Structures are given as C-alpha cells and as structure tokens.
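**Q** Got a structure for you, questions after.
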Amino acid sequence: MRQKIVAGNWKMNKTFQEGLDLVSAVLENGEEPRGLVVFGAPYVHLQAVAQLLKGQKNYRLAAQNCHQEEKGAYTGEISADMLVSVGADFVILGHSERRQYFEEGSAMLAQKTDLVLQKGMRPIFCCGEPLGIRESNTHVQYVAAQLKESLFHLNEFDFAKVVIAYEPIWAIGTGRTASSDQAQEMHAAIRALLAEKYGAAVADSTSILYGGSCNAQNAQELFSMPDVDGGLIGGASLKPDDFRAIINAM
Ligand code: PGA
C-alpha cells in the first residue's frame, strides 16, 4: 500500500509567529490523519516547527529547497546537512517557481536529489508542464523528460524514497485546477513510466501528489482518483481550516 500524503508548501509566506500559530491550529483541530501531513515551512521556521511536531506520529517537516553543494562559500545558501540538523524529513525540489525564477534545471535538480537522499531526507520532486505544452498535447512527454533527466539515474533503493508531485504550471496559484481526469491521466502515465524503469512494485508504492489550486472544495474529488495519492498544497495550506479539510479528504 502506498502512502497518502498531504504536504503544505507555504512558499514565502508567514512570519515566524504566524507560522507557529498555523501549525498549532492544524494540530489542535483534528482527528488523526489517514496519511502523512507535511509542513513545507520557510527555512527560519523549521527548527521551531520541528519542536511542535515532536512526538506526532503522522506529521512531518519539509524544507522548500536546499543547495546542491554539500557546504562551502555559497553566501546566503542553506545546505542539506543544516536541514537535517534542524529536523527536516523532506525537501521540496524542482518546484516550478524555483525552475522559473532561480533557473534550476534538470542537472542541478539531479544533484540536489542525490544530496537530499544521501543525507537521509526524502525529496518531494515537482514536475509539471506550462500551458503551451498542455495545449500542444505534449504534456506527458514533457513531464516524462523532467523525471528521466533528474531522477532516473537513481537506483531502485533510492528511488523508493522519492515522492513525486505533479503540478501543472497553469494550475498553480491561478484558481484553475486540473480536472480530476486530467490529473489521473498524468498520474497514471507517470506510474507507467516508473513501472517501465523500476518495475511494478516500486511504481505501485510511489506516492504521486497533485498540486495546483487544490483546495478544501476540490480535494476530495482529486484524491478519489486511483493514481492521486494526495496533494502538494500552496495557498490553501496557509489557512488552518482549509488545510485541515484537505487533510481530512485524504
Ligand atoms: P497552489 O500552489 O496550491 O497555491 O496552486 C501549489 C504549489 O505551488 O505547490
């Protein structure tokens, strides 16, 4: 059985205290989640959020990025070792905003993936096509290339720790969600690609999350699709009631 996961990606939102209040509100108001809940908090919040999550069985902590080099003269950057030292379990890698605004390409993302795994954390690896690619009906090939270029050098053992997040760029922050059929089509195509490369057992146990304007209203329908194993949630993860409703839809 593969793991259901709902991961929040706060992006560059929430001051320190606002972030802690959000986590506390989510923890306080709910039944035990049916899968894993991950908080993708900004770097400066991580250590304190880790404290709040201590002893929680189904809650985990993610960073939103890390540098591809192990350490050294990279002013302003954050290393994988630093993330481990403050309690991060996951690292979101290859988000389309990182690809677009910070010029992160496939080779760099392959390096980051290796480092995150080497340090014992799990990547939440993002992929997804821009609108033009969707309109030209080449979205499956586009996403397949992203995964091949950054992940397919991994052996089966390492790959088994990777979580994939499919996030069509045209749906991120736009209020325009992919339909559950569009999400299912891509998730099934990704799983078929993984089966071809790593075998059916690995493909079946890989969690593939949907991201892009997933909210309290549409989460249930998206998550009901056979190959959608949860979500990577931006805007709606910033509001405790909405995020809780999405968690409950798992
Ligand atoms: P959104 O963002 O839910 O605000 O569309 C999703 C993401 O970018 O991870």
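**Q** Based on the Cβ-Cβ distance from ARG2 to ASN248, what FRET efficiency comes out when R0 is 30 Å, to the nearest 0.05?
**A** 0.95
**Q** Which value, in debye to the nearest 20, describes the size of the charge dipole of the chain about its Cα centre when Lys and Arg Cβ atoms bear +1, Asp and Glu Cβ atoms bear -1, and nothing else is charged?
**A** The calculated dipole for the chain is roughly 300 debye.
**Q** A further question follows. How much of the DSSP beta bridge set in the chain is antiparallel, as a percent to the nearest 5?
**A** On the way: 0 of 28 bridges.
Of all bridge pairs located within the chain, approximately 0 percent are antiparallel.
**Q** Name the long-range amide H neighbours of GLY211: under 5 Å, sequence gap of 5 or more, or other chain; modelled H, no Pro or chain starts.
**A** For GLY211, the qualifying residues are TYR166, GLU167, LEU232.
**Q** For region 5-248, what are the per-bin percents of Cα-Cα distances with bins 5 Å wide, up to the bin holding the maximum?
**A** 1, 7, 15, 19, 21, 18, 12, 6, 1, 0
**Q** I've got another one for you. Mind ordering 14-23, 184-193 by average Cβ neighbours within 10 Å, highest first?
**A** Details: 14-23: 16.1, 184-193: 18.7.
Sorting 14-23, 184-193 by mean packing, highest first, produces 184-193, 14-23.
**Q** Based on the alpha-carbon gyration tensor of region 132-181 and its eigenvalue square roots a ≥ b ≥ c, which shape applies: rounded if a/c is under 1.5, prolate if not and a/b is larger than b/c, or oblate?
**A** Prolate is the answer for region 132-181, as a/c is 1.5 or above and a/b outweighs b/c.
**Q** Highest mean first, what order results for 122-130, 239-247 on Cβ atoms within 10 Å?
**A** Top of the packing list down: 122-130, 239-247.
**Q** Determine ³J(HN,Hα), in whole Hz, for all residues of region 27-38 in sequence, where each value follows from phi through the Karplus function 6.51 cos²θ - 1.76 cosθ + 1.60 and θ = phi - 60°; x replaces Gly and Pro.
**A** Taking θ as phi minus 60°, the curve returns 5, 6, 9, x, 6, 5, x, 7, x, 8, 10, 10 Hz for region 27-38.
**Q** Place a point 7 Å from the Cα of GLU28 along the Cα-to-Cβ direction; which residues of region 226-250 have their backbone N under 16 Å from it?
**A** 239-244
**Q** Quick one: accessible surface of TYR142, probe radius 1.4 Å, all protein chains present, in square angstrom to the nearest 10.
**A** Number for this one is 80 Å².
**Q** Round to a whole number: what % of the accessible area of the chain belongs to carbon and sulfur, probe 1.4 Å?
**A** 51 percent
**Q** Where only protein heavy atoms count, and the probe is 1.4 Å, what is the accessible area per residue for the chain in Å²?
**A** It amounts to 44 Å² per residue over the chain.
**Q** Would you mind checking which residues have amide H under 5 Å from ILE92's amide H? H placed 1.01 Å from N; only 5 or more apart, or other chain.
**A** Close amide H contacts, sequence-distant or interchain: ALA63, GLN64, ASN65, ILE124.
**Q** Residues with amide H under 5 Å of GLY40's amide H, sequence separation 5 or more or different chain, H placed in the peptide plane at 1.01 Å from N; which?
**A** For GLY40, the qualifying residues are GLY8, ASN9, TRP10, ALA62.
The values are calculated or read from the model by the stated rules, or taken from the named source; none is laboratory data. Owing to the predicted nature of the structure, the values given are computational and were not obtained by experimental measurement. Glycine also receives a Cβ, built like all others from the backbone with ideal geometry; neighbour counts cover every protein chain displayed. Keep in mind that these areas ignore ligands, DNA and RNA; they rest on the heavy atoms of the full protein, side chains included. Shrake-Rupley method; radii C 1.70, N 1.55, O 1.52, S 1.80 Å.
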